[in-house]
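Worksheet: one structure, shown below.
The values are calculated or read from the model by the stated rules, or taken from the named source; none is laboratory data. Because the structure is predicted, anything quoted here is derived from the model rather than measured. Note that each Cβ is placed from the backbone with ideal geometry, even for glycine, and that neighbours are counted across all protein chains shown.
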Amino acid sequence: MGKYILGCLGLLIVGIIILAIIVGASWADSHNKLVRQSQGVDSSWAEVQNQYQRRGQLIPNLVATVSGAANFEKSTLIAVTDARASVGQIKIDPTHAPDSQADLDKYKAAQDSLGSAVSRLLVVSENYPNLRSDQNFVDLQAQLEGTENRIAVARNYFNQAVQSYNTTVQSFPTNIIAGFEHFQTKPYFQASAGAENAPQVNFNFNTPATNTAPAQ
């Protein structure tokens with residue numbers, strides 16, 4: 001009888017050890033997946049920052065070029081300059097994706113405001129033939145158009161990375177591990193209200209201008 005009990009106890013111990021190995025391996029695999037996906041989110045965020053920074057670096061040259069046009073709308077130039085300054089006042093880690101939706105929304109609002117101001121400047125510039133024939137200006141508007149496209153792509157990739165990461169964080173049994181190790185869901189770039197009706201900006205300065213005189 002004693003040998004039988006000892007045998008059963010031995011099998012139980014072996015079973016516990018095997019179970020512990022399986023649980024440990026599963027935990028390590030889930031942990032590593034969370035780490036990889038979290039790093040993927042941060043990498044995608046860094047690319048978003050790179051594209052926004054590229055746009056920001058183009059703007060001073062754009063403003064300097066446009067300000068040389070006779071009677072160009074001063075309010076439009078001021079709006080671009082002020083919007084760029086507002087973006088610079090928002091301090092956010094370029095290498096670590098925001099953990100707060102409020103922080104990301106505040107950052108997005110400032111960047112969207114800058115984008116709108118630049119778009120307005122380009123639309124108004126259609127009323128100035130000297131700008132439309134200025135090669136430096138034409139090159140700048142082409143670079144800005146390309147940068148806006150890259151920003152949209154980078155934001156889309158970021159949202160995809162966040163979606164994949166958040167799904168893992170919230171899925172069983174990984175959510176248990178995420179809770180123990182303090183992996184939290186991350187916010188998305190959310191579409192602005194009315195984005196589905198966003199106005200189309202024409203960057204082709206070979207087409208006739210839609211306005212006949214500078215706005216006052």
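The residues of the stretch 164-213 that are modelled with pLDDT under 50 and hydrophobic (A, V, I, L, M, F, W, C), listed by number, are Ala195, Ala198, Val201, Phe203, Phe205, Ala209, Ala213. Within the option set Asp93, Asp82, being among the acidic types (Asp, Glu) and farther than 16 Å from Ser116 by Cα holds for one residue only, Asp93. Consider the stretch 128-142 and keep the residues that are charged (D, E, K, R) and part of a helix (DSSP H, G or I). The one that is nearest to Gln51 (Cα to Cα) is Asp139.
Just one of the listed residues (Ser125, Ser119) is touching a Leu at 6+ places or on another chain (Cβ under 7 Å), part of a helix (DSSP H, G or I) and crowded, with 16+ Cβ neighbours inside 10 Å, and it is Ser125. Does Thr76 satisfy the condition of being closer than 30 Å to Asn156 by Cα, in a helix (DSSP H, G or I) and of a type in the set (Ser, Thr, Tyr)? It is true that Thr76 is closer than 30 Å to Asn156 by Cα, in a helix (DSSP H, G or I) and of a type in the set (Ser, Thr, Tyr). Of all the criteria given as (1) without any contact (Cβ under 8 Å) to a residue 24 or more places away in the chain; (2) within 30 Å of Ala28 (Cα to Cα), the one not satisfied by Ala102 is (2).
So that you can scan it fast, the table gives a plain yes or no per residue for (1) farther than 28 Å from Thr65 by Cα; (2) modelled with pLDDT of 95 or more:
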position	(1), (2)
Leu77	no, no
Ala83	no, yes
Gln89	no, no
Pro94	yes, no
Glu126	no, no
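One residue stands out among those in the stretch 7-26 that are out of contact with any Pro (no Cβ under 9 Å at 6 or more places or on another chain) and of a type outside the set (A, V, I, L, M): the one that is farthest from Gln163 (Cα to Cα), which is Gly7.
What number of residues within the stretch 143-194 satisfy the criterion of being of a type outside the set (A, V, I, L, M, F, W, C), within 11 Å of the chain's Cα centre (by Cα) and in a loop (DSSP other than H, G, I, E, B)?
So the count comes out to 3.
For the stretch 131-150, the criterion of a residue being without any contact (Cβ under 8 Å) to a residue 24 or more places away in the chain and within 19 Å of Asp99 (Cα to Cα) is satisfied by no position.
Would you call Val41 hydrophobic (A, V, I, L, M, F, W, C) and either under 24 Å from the mean Cα position of the chain (by Cα) or exposed (fewer than 13 other Cβ atoms within 10 Å of the Cβ) (or both)? Taking the combined requirement at face value, the residue satisfies it.
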